[in-house]
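Following: one structure in structure tokens, then a few remarks.
Taken together, the values in this text are just the output of simple stated rules run on the coordinates, not laboratory data. Worth saying up front: this structure is predicted, and the values here are computed from it rather than measured. Here the Cβ positions follow ideal geometry from the backbone for every residue, glycine too, while neighbour counts run over all protein chains shown.
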Amino acid sequence: MKFFALPLLSLLFATLLLSACKSGQNKEMLLSAAGFRTVVPTTSQQIAQLKTLPQLKVIPITKNGKTAFLFADAASNTLLIGNQKQYTAYQQYALQYKIQQEKDATASLNADASQWGCWGGIDGPFWGPGF
């Protein structure tokens with residue numbers, strides 16, 4: 001059963017990465033994929049407390065000797081909560097996401113550079129003292 005879980009998780013992770021747009025949304029998607037649970041505040045006291053937390057940042061909170069990681073987003077009225085294992089998974093996903101973004105940017109630059117081949121490239125006939 002575990003043999004099939006890895007490809008499914010990879011597919012879910014890729015789907016989440018492709019669907020996210022903003023930085024805060026990216027973090028929320030990555031945190032959710034890592035197993036953080038989403039809590040929606042229901043009382044006015046909970047909403048007020050959510051607004052006092054640092055926004056769109058993962059912060060560690062230690063209580064009774066246990067560390068939890070919180071991600072507050074008052075704009076969408078959500079709080080994501082995870083443990084150390086989930087936070088470590090989030091860090092790995094974030095690194096993979098960053099590497100993929102850099103690969104995509106490099107591929108885009110390479111594709112743009114290849115468009116100039118018909119002009120002779122940087123060292124071609126249109127580049128030099130006479131142009």
Considering only Cα-Cα distances, which of the following residue pairs are longer than 23 Å: LYS51/LYS85; LYS27/LYS103; LYS51/LYS98? LYS51/LYS85; LYS51/LYS98
How much length, in nm to one decimal, is gained on full extension between THR43 and GLN91, taken as 0.36 nm per residue of separation minus their Cα-Cα distance? 14.1 nm
Stokes-Einstein D for region 16-106, Kirkwood Rh over Cα pairs, 20 °C, 1.002 mPa s (µm²/s): 155 µm²/s
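Over all directions, how big on average is the projection of the convex hull of the alpha-carbon atoms in region 67-112, in square nanometres?
Numbers: hull surface 17.7 nm².
Spelled out: convex hull of the Cα atoms, projected over all directions, averaged, 4.4 nm².
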Peptides 31-42, 95-106, 62-73: what's the order by average Cβ count within 10 Å, highest mean first? 31-42, 62-73, 95-106
Descending packing, highest mean Cβ count within 10 Å first, for 80-89, 49-58 is 80-89, 49-58
